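Taken together, the values in this text are just the output of simple stated rules run on the coordinates, not laboratory data. Predicted model, so just to flag it, every value in this text is computed and none were measured. Positions of Cβ are generated from backbone atoms using ideal geometry, with glycine treated the same way; all protein chains shown enter the neighbour counts.
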Amino acid sequence: MSSIDTGIKKRDDHLRSEEFFNVAKYPAITFKSRSVKQTGPQSGDIVGDLTMHGVTKPITLHVALIGAMNDTNRTRWNVTTEPLKRRDFGLMFSKTAETVSGISQEVAIRIEIEAVRAQ
């Protein structure tokens, strides 16, 4: 969580603070997979447990191949989730922050991965 980078230092420091993610107390967001299921020729679902802000909840990561890189041993993947309710993870901010910030109650994870085939 200490690597949060929105491009605005003041906002990044605020997101790391006790008022938001409390990085000093909860330094990491983790995902531990429990099962993988192929859903199409180049897609699948990974079911597992997401731990964020000290709370663990089951989620499903939807994984889809974006394409091969120039090097045939490299691929790019898109990983997404259904919307997550941040309050389910104990991310409830001060009334002022909730009112002023316009932070959504629901967020979704979107990750782009570049993978290299093991030799």
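What to note about this one:
- A Cβ-based charge dipole, computed about the Cα centre of the chain with Lys and Arg at +1 and Asp and Glu at -1, lands at about 140 debye.
- Amide H within-cut-off set for TYR26, under 5 Å, with H built and near neighbours excluded: none
- Where [x] 16.8, 53; [y] 14.4, 41; [z] 12.9, 36 are the candidate values, the label of the one calculated here for Rg and Dmax of the Cα atoms in Å is [x].
- For the set LYS37/LYS95; LYS9/LYS37; LYS9/LYS85, the pairs lying more than 30 angstrom apart at their alpha carbons are LYS37/LYS95; LYS9/LYS37.
- CD proxy at 222 nm, helix term only [per DSSP H run n ≥ 4: -39500 (n - 2.57); per residue of the chain; nearest 500]: -3500 deg cm²/dmol
- Karplus-derived 3J(HN,Hα), 6.51/-1.76/1.60, for each residue of the range 11-25, Hz, glycine and proline x: 5, 4, 4, 5, 5, 6, 6, 4, 5, 10, 7, 6, 4, 4, 8
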